[in-house]
Amino acid sequence: ITGSKIKPGNKIIGLKSNGLHTNGYTLAQKILAEKQGLKLTDELPECGCTVKEELLRVHTSYLHPAQLVMKDFDINGMAHITGGGLIDNIPLCLILHAFSLP
């Protein structure tokens, strides 16, 4: 999936996250410490674990849901919504597509 088929009118499909995944841990730890006064060893009753355990929870693999979607639909582009989120990563996907045009 190169993005070369992206065109106006395409739909966006989002898959739900179960956490931070592999991005943002340093920022999350800083915010939790500075803004919330939490340490890595503090318990999070709503999660049933410590801050550290929640931050290190194994993330969901998107391979199988993506494969299911790809069986029924043509996928023209994909973007990880990490770091800059929707505001940075969707335009980046579109810009990269524009540079790949013949």
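So the values come out like this:
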quantity	calculated
Qualifying chymotrypsin sites (Phe, Trp or Tyr not before Pro) in segment 1-81, DSSP loop, other Cβ atoms within 10 Å at most 14	PHE73
Gained length - ASN18 relative to HIS80, 0.36 nm times residue gap less alpha-carbon distance	20.9 nm
LYS52-HIS64 pseudo-label distance in nm [points 7 Å out on the Cα-to-Cβ vector]	3.1
Segment 8-71: GluC sites (Glu not before Pro) in DSSP coil with no more than 14 other Cβ atoms inside 10 Å	GLU46
Those trypsin sites (Lys or Arg not before Pro) in segment 1-39 that DSSP places in a loop and that have at most 13 other beta carbons within 10 Å	LYS5, LYS11, LYS16, LYS35, LYS39
Under 5 Å, built H, 5+ apart or other chain: amide partners of CYS49	LEU44
Cα gyration tensor shape for segment 1-81, rounded if a/c is under 1.5, else prolate or oblate	prolate
Estimated distance in nm for a label pair at THR26 and LEU40, the labels positioned 7 Å out from Cα along Cα-to-Cβ	1.4
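All of the numbers you see were taken from the coordinates with simple rules; none came from a lab. These figures come from a predicted structure and were not determined experimentally. Here Cβ is always computed from backbone atoms with ideal geometry, including for glycine, and neighbour counts include all displayed protein chains.
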